[in-house]
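Trainee: Here you go, one structure.
The values are calculated or read from the model by the stated rules, or taken from the named source; none is laboratory data. Note that this is a predicted model, so its numbers are computed, not measured. Here Cβ is always computed from backbone atoms with ideal geometry, including for glycine, and neighbour counts include all displayed protein chains. We work out accessible area using only protein heavy atoms, side chains counted, and drop any ligands, DNA or RNA first. Shrake-Rupley method; radii C 1.70, N 1.55, O 1.52, S 1.80 Å.
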Amino acid sequence: MILTKAQYDEIAQCLVSVPPTRQSLRKLKQRFPSQSQATLLSIFSQEYQKHIKRTHAKHHTSEAIESYYQRYLNGVVKNGAAPVLLDLANEVDYAPSLMARLILEKFLQEHEETPPSKSVINSMLRDPSQIPDGVLANQVYQCIVNDCCYGPLVDCIKHAIGHEHEVLLRDLLLEKNLSFLDEDQLRAKGYDKTPDFILQVPVVMLCPLAVEGHIIHWIESKASFGDECSHHAYLHDQFWSYWNRFGPGLVIYWYGFIQELDCNRERGILLKACFPMNIVTLCHSIA
Amino acid sequence: MAAVLESLLREEVSVAAVVRWIARSTQGSEVTALTRPQDNAGEAAALSSLRPLRKEFVPFLLNFLREQSSRVLPQGPPTPAKAPGASTALPGRPGGPPRGSRGARSQLFPPTEALSTTAEAPLARRGGRRRGPGLARERGGRGLEEGVSGESLPGAGGRRLRGSGSPSRPSLTLSDPPNLSNLEEFPPVGSVPPGSTGRTKPSRRINPTPVSEERSLSKPKTCFTSPPISCVPSSQPSALDTSPWGLGLPPGCRSLQEEREMLRKERSKQLQQSPTPICPTPELGSPLPSQTGSLTDEPADPARVSSRQRLELVALVYSSCIAENLVPNLFLELFFVFQLLTARRMVTAKDSDPELSPAVLDSLESPLFQSIHDCVFFAVQVLECHFQVLSNLDKGTLKLLAENERLLCFSPALQGRLRAAYEGSVAKVSLAMPPSAQAVSFQPETDNRANFSSDRAFHTFKKQRDVFYEVLREWEDHHEEPGWDFEKGLGSRIRAMMGQLSAACSHSHFVRLFQKQLLQMCQSPGGAGGTVLGEAPDVLSMLGADKLGRLWRLQERLMAPQSSGGPCPPPTFPGCQGFFRDFILSASSFQFNQHLMDSLSLKIRELNGLALPQHEPSDEDGESDVDWQGERKQFAVVLLSLRLLAKFLGFVAFLPYRGPEPPPTGELQDSILALRSQVPPVLDVRTLLQRGLQARRAVLTVPWLVEFLSFADHVVPLLEYYRGIFTLLLRLHRSLVLSQESEGKMCFLNKLLLLAVLGWLFQIPTVPEDLFFLEEGPSDAFEVDTVAPEHGLDNAPVVDQQLLYTCCPYIGELRKLLASWVSGSSGRSGGFMRKITPTTTTSLGAQPSQTSQGLQAQLAQAFFHNQPPSLRRTVEFVAERIGSNCVKHIKATLVADLVRQAESLLQEQLVTQGEEGGDPAQLLEILCSQLCPHGAQALALGQEFCQRKSPGAVRALLPEETPAAVLSSAENIAVGLATEKACAWLSANITALIRREVKAAVSRTLRAQGPEPAARGERRGCSRAFADQIPILGPPAQYRLERGQARRLLHMLLSLWKEDFQGPVPLQLLLSPRNVGLLADTRPREWDLLLFLLRELVEKGLMRRMEIEACLGSLHQAQWPGDFAEELATLSNLFLAEPHLPEPQLRACELVQPNRGTVLAQS
């Protein structure tokens, strides 16, 4: 789904400080019925992440942590089964998974001799049953399951979606009989930067109304919506690096992107929201 | 000097004598351009008394002409800078103020670029510190300031289109001359502006800084962007000027001084008589646009030429000097002549006397050019002498010349020749715009982790690559924005990046990337950018070049062409080259520079040593050009790459020595010389040059060497090492006489390219201008070493107009000048020549649409981008060979069949028409009209051949692990390229080929029928022509014929002996021990040729077997080296063992009986 900047801004506007819950998402879907669920979710997630990034610091002061921890303790004393931590997160406008991490860290600090390592915490978040305190384990679990933007569950889902789209793309390439090298093969050959696929024989993508087509040497699959923030980060860390090594290529944002970002076509970075249909390959007889 | 010219004009000496006189002083070779009347004693005496002045004659003549033209042409376009100021000693110039010396060359270099960087600063400071040998000193010590004239002529700024000049041709106006009528700003050369006697000498600069439309006439001053160029104190003699001025004047100079002293007195007398110096006539030349409307061009009329004879004489001397390469820069002189041709109108100086007596007219006392008519007459006279050069200019220039109505009016004959040359010319030159940059691809073989010493180095380089391209992209986006500054915008980022390079190995990685990117972006025309292909843009040019190129050409036409800055622009870094220059400067990393020099030197050596032509093109005249096309492209790619690399090598290598300060003098100079002379050169260019000359590869080596030297600092030409190089180059320059064309000499366009680049080099400010005129020429003509191969690149037609203009865009100034004449002339906008615009060559029948062809070409190019370079080379090689073989195949099959058909048709014809057969020409026409249409099959057959042969070849040559998709694409591209190559040639030449072969068949058949008297005559003419070409055989090692050549030569000889000799030929002498002994020295010994000869002698009935046997027998008795005797014995046995063919009686009779001719002669 390709949105104009204006359309995108309208959606983003609706998302200002909306809790990352499924209800919020449903409301959003009602508000923008023409947009696909996946696109909205992706935008929602990105906007929420931006929001969290902006407010992250204030939740990490020792006073804030202390106060959250006390509220948690007080809450579970009253009713250990109530979603204390989740409610707290929503109340202070912080991501439940991150709130769970905060409290878990604090908890471990209080109960262990040495401060807990990051990997221990990550591991406990992935599998709350490892948390020594049963009540906290339950609270953390509620947070993770209900957070649709952060947390190991979301990460896992995102990873799966990303992989799924790579597989989808691979199938399409095979179906079109385009031969390619994938990321693993490239890494094995010692490439320092590896797009998802490098075409062994480049193709030209035709654009309506354009005289010339665009050469494509590599394809990168992104199972997300291409907004300004993420696109610029990708450009800097990935796309330009690919261009610097392999020439022009194609990025597929499966959940759409802001139209205005597709401004480097002439330079050699092409954006699409699906696999391009109008592809020309090297013919069998040129002359 | 004036005396020489005077004697010439008084006809005391002949032109030829004068030119011989000048040329002798510089070289011993004979003067070829002119007929050579017997020396007459009077002439010799007249000239020998002037002997010491010889060297000064040419500079004098050039300055004289510039000066003369400036008197009558203040209105004209800027005059090219003059030669180093030689004597301006002209007697009796009325009212002429005393003149300072003229330096002159300084003005050749308008600061076309804002020279913000220190590196180019020295270029900006083009002091006019040069002068001819031993001159300026006596000019009141004003020597060094003449170049300061910032108010010298600017480019084309100050003029707008005149009359009905077509506004749709903006480019044509670019070189439009400025309005020169403001004489304060544009003082005529030779006059000091009133009230500025203490000021610097004004002198003329050759024009054009690129001019934009906004520079309207009303603001002429905006054009004068050139700051005062040099502020070298006048007392300081030039460091480079080694001329022995001052106390140590040689006798010749002293006499010159006397002459000048007299002149000076004479002049001051005149000055007193007419206190008003030449001053502008303001009404004639207001720079205001409102008045330019009145500037109608003065018509030129041959009938009103004032003194033909005098003009003719001077023109002849001048032309001869040009023809003999006695002038430093051929194209500069042509530019000057074109300016005279297109002079618009003349301003009459107040003091000039229109009523000159006939006596005065004959001497130098009156102006040479009294009117436009004179100028045009003179110009046309000179142009007539240089038709050959003109005819080799690009088609556009030829068109403009041929359409020039003045030329038509003054010399219809020349116009006719030019028109014919235009119509026959295929030299369309286009400096196409390239697409934007593409990155150097990542190649695992050189770029992966295994090539780095540590993970850290690997990752550092990974980041560097990204930063480098980020910087490059930013530059692309911003460098054209006003106010954007490279150093400010990117400098710190570049230095930070360079700072990360710690390991030496990382430096070499980065340098490799840098150099590859440089080659990729800057190889193409004018350095304005490059094809995206990288190191070898030939696939592009081979495959669908036309289709891809067309768009760029259109773009080129829409964009104002970059002016190259006059006929002698300073070395610059146009387009993308600017990025690389600025990068080097901003990085200011000593390590980087060193690694870069290493890498550039290596690549230069590698390319310079490349075996070219790669495949010896077949010498059969017909299809040789099918091979040459590819060779020429290959050559162009290599040459352009070399030039680019050498330019950057020169830039970096001399960077530490260039600075804005004036060149050192005196003791300081000595110590600097002592210091510098022990520094080894960055690349041993002298040896490379020597080898290049020896191997007859000057056409490859010299152009890049010139680029390298153009960045030398002022001290370089003084160093012995480089002095030697300049001496070699000067000798080479003299030896490149264009009119000398013969077997074994350099091709014309090759010479022209060398003359152009050398001429340009001689005008570079850092090259001392006296170098050219002072250099005592070699005592004998420049000769390459005798061990040189008979054939080298120099003898191969590797240069075409496209390459010439690409390397020397300033030659295009000629066209601009002519175009500005057209656009400025009312009612002249439409030429009479029809503009023929072939849209595309119709080659293959069913072709995919243009667009899809373009896409395929684009894809084929892109395909190679990420593949190893060897893949590309393989595909190109296969395409090249298969394409060439395809043509040979067609010749052996289709054409041979048609010839057989022709023969049988002819037989039928002869049978029906009786013995006499009929007119051969008519027969040929009939046959050709029947057979030529079959030539159309050639394309289909050719296509089929390429499709059949190419894939297998590709498969055999590529590594086995090549992925299937890559392999099949490579095969397809090879098929396409081969087909395109073959079919392009076939569609253009098949008819001619069939015709030629059928013609040969017809004459064979007819000859078999019995000799026609007419045919005999023709044949004899042939043999005469042939006799001219028989090489004088030297020692066998020196002159080796190609195998095919040798066999053909034998055929021709046999046929001569058989058909053309009227008397008996003593053929047995061929087999004398002495002649056969010649074979002993050759390796390998070509016994097969001898055997062939013997057989043919018998076959043709020229000798009987018995005779040969006898000869061979007597050979055995001679003394031979052991192995030779053995081989000779084998040969005899071989020959004798051949079955005896019964010898027809008739043949034996022919030999003994005197033939008809002999009988006739005896009766």
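Trainee: So who's got an amide H within less than 5 Å of the one on A:Leu271, skipping anything under 5 residues away but keeping other chains? H placed 1.01 Å off N, in plane.
Mentor: Result for A:Leu271 returns A:Val251.
Trainee: Using a 1.4 angstrom probe on the protein heavy atoms only, could you order B:Ser1114, B:Ser1132, A:Ser62 from most to least accessible area?
Mentor: Details: B:Ser1114 55, B:Ser1132 5, A:Ser62 85 Å².
The ordering from most to least exposed comes out as A:Ser62, B:Ser1114, B:Ser1132.
Trainee: Given labels modelled 7 Å from the Cα in the Cβ direction, how far is it in nm from B:Gln937 to B:Val1065?
Mentor: With each label point 7 Å from Cα toward Cβ, the separation is 3.8 nm.
Trainee: I want the antiparallel fraction of DSSP beta bridges within chain A, as a percent rounded to 5. Write down the numbers at each step before the final one.
Mentor: Details: 10 of 22 bridges.
Counting DSSP beta bridges with both partners in chain A, the antiparallel share is about 45 percent.
Trainee: Which FRET efficiency value, to the nearest 0.05, is calculated for A:Lys189 and A:Asp93 with the Förster distance at 45 angstrom and r the Cβ-Cβ distance?
Mentor: Values: r = 48 Å, r/R0 = 1.06.
Efficiency, from the Cβ-Cβ distance: 0.40.
Trainee: Distance check, please: which entries in B:Lys888/B:Lys981; A:Lys193/B:Lys647; B:Lys395/B:Lys633; A:Lys193/A:Lys222; A:Lys176/B:Lys462; A:Lys53/A:Lys193 exceed 23 angstrom between their Cα atoms? Could the numbers behind the result be given before it?
Mentor: Working: B:Lys888/B:Lys981 13 Å; A:Lys193/B:Lys647 34 Å; B:Lys395/B:Lys633 20 Å; A:Lys193/A:Lys222 16 Å; A:Lys176/B:Lys462 33 Å; A:Lys53/A:Lys193 28 Å.
Flagged as over cut-off: A:Lys193/B:Lys647; A:Lys176/B:Lys462; A:Lys53/A:Lys193.
Trainee: Give the shape of the range A:60-150 as rounded, prolate or oblate, defined through the alpha-carbon gyration tensor: a ≥ b ≥ c are the square roots of its eigenvalues, a/c under 1.5 means rounded, and otherwise the shape is prolate if a/b is larger than b/c and oblate if not. Before the final figure, lay out the partial values.
Mentor: On the way: a/c = 1.27, a/b = 1.15, b/c = 1.10.
It comes out rounded by the Cα gyration axes.
Trainee: Go ahead and collect, in residue order, the members of the range A:133-159 whose backbone nitrogen is under 17 Å from a label point 7 Å along the Cα-Cβ direction of A:Val120.
Mentor: Inside the label zone: A:133-134, A:136-137.
Trainee: Here's a follow-up. Ignore the peptide's own chain and count Cβ atoms of other chains within 10 Å of each Cβ in B:863-875; give me the average, rounded.
Mentor: Numbers: counts 8, 1, 6, 11, 2, 0, 0, 0, 0, 0, 0, 0, 0.
Mean number of neighbouring Cβ atoms from other chains: 2.
Trainee: Give the residues of the range A:23-44 whose amide nitrogen is closer than 14 Å to a point set 7 Å from the Cα of A:Gln13 in the direction of its Cβ.
Mentor: A:32
Trainee: Answer rounded, prolate or oblate for chain A, using the Cα gyration tensor with square roots of eigenvalues a ≥ b ≥ c: rounded when a/c is under 1.5, else prolate when a/b is larger than b/c, else oblate.
Mentor: On the way: a/c = 2.85, a/b = 2.02, b/c = 1.41.
Cα axes put chain A in the prolate bin.
Trainee: Per residue of the range B:383-399, what does 6.51 cos²θ - 1.76 cosθ + 1.60 with θ = phi - 60° give for ³J(HN,Hα)? Whole Hz please, x for Gly and Pro, Karplus curve as stated.
Mentor: Whole-Hz 3J(HN,Hα) from phi for the range B:383-399: 4, 4, 6, 10, 4, 4, 5, 4, 5, 9, 6, 6, 4, x, 5, 4, 4.
Trainee: Through the Karplus equation 6.51 cos²θ - 1.76 cosθ + 1.60, θ set to phi - 60°, convert the phi angles of the range B:688-699 into ³J(HN,Hα) values in whole Hz; use x for Gly and Pro.
Mentor: In residue order, the calculated couplings are 4, 5, 4, 5, x, 5, 5, 7, 6, 10, 4, 5 Hz.
Trainee: Along the Cα→Cβ direction, 7 angstrom out, place labels at B:Arg456 and A:Ala64. What is the inter-label distance in nm?
Mentor: 3.8
Trainee: Find the eigenvalues of the gyration tensor of the Cα atoms of the range A:2-56, then list the square roots of 5 times those eigenvalues as equivalent ellipsoid semi-axes, largest first, in whole angstrom. Provide the component values of the computation, followed by the final result.
Mentor: Details: eigenvalues 62, 37, 16 Å².
With the √(5λ) rule applied to the range A:2-56, the semi-axes are 18, 14, 9 Å.
Trainee: So, R0 is 60 Å and r is the distance between the beta-carbons of A:Leu235 and B:Asp670; what FRET efficiency does that work out to, to 0.05? Show your work: numbers first, answer last.
Mentor: Details: r = 59 Å, r/R0 = 0.98.
For R0 = 60 Å, the calculated efficiency reads 0.55.
Trainee: Apply 1/(1 + (r/R0)^6) to the Cβ-Cβ distance of B:Leu610 and B:Glu925, taking R0 = 60 Å, and write down the FRET efficiency to the nearest 0.05. Mind dumping the intermediate values first?
Mentor: Numbers: r = 47 Å, r/R0 = 0.78.
For R0 = 60 Å, the calculated efficiency reads 0.80.
Trainee: Right, something else. In terms of modelled amide H atoms, which long-range or inter-chain residues lie less than 5 Å from the amide H of A:Ile2?
Mentor: It is A:Phe257, by chain and number.
Trainee: If you take every DSSP beta bridge fully contained in the range A:161-281, what fraction is antiparallel? Give it as a percent rounded to 5. Provide the component values of the computation, followed by the final result.
Mentor: Working: 10 of 20 bridges.
In the range A:161-281, approximately 50 percent of DSSP beta bridges are antiparallel ones.
Trainee: Can you sort B:Thr701, A:Thr281, B:Thr572 by solvent-accessible area, 1.4 Å probe, largest first? Walk me through the numbers on the way to the answer.
Mentor: Details: B:Thr701 0, A:Thr281 60, B:Thr572 35 Å².
In descending accessible area the options line up as A:Thr281, B:Thr572, B:Thr701.
Trainee: For chains B and A, what's the summed buried accessible area, probe 1.4 Å, to the nearest 100 square angstrom? Before the final figure, lay out each step's value.
Mentor: Numbers: alone 49470 and 15330 Å², together 61290 Å².
The contact between A and B buries close to 3500 Å².
Trainee: Continuing with this model, one more query. Mind listing the long-range amide H neighbours of A:Val201? Cut-off is under 5 Å, sequence gap 5 or more, other chains count too, H placed in the peptide plane at 1.01 Å from N.
Mentor: A:Ser179
Trainee: I've got another one for you. For chain A, calculate the relative contact order in percent as a whole number, restricting contacts to Cα pairs under 8 Å that are 6 or more residues apart.
Mentor: Answer for chain A is 17 percent.
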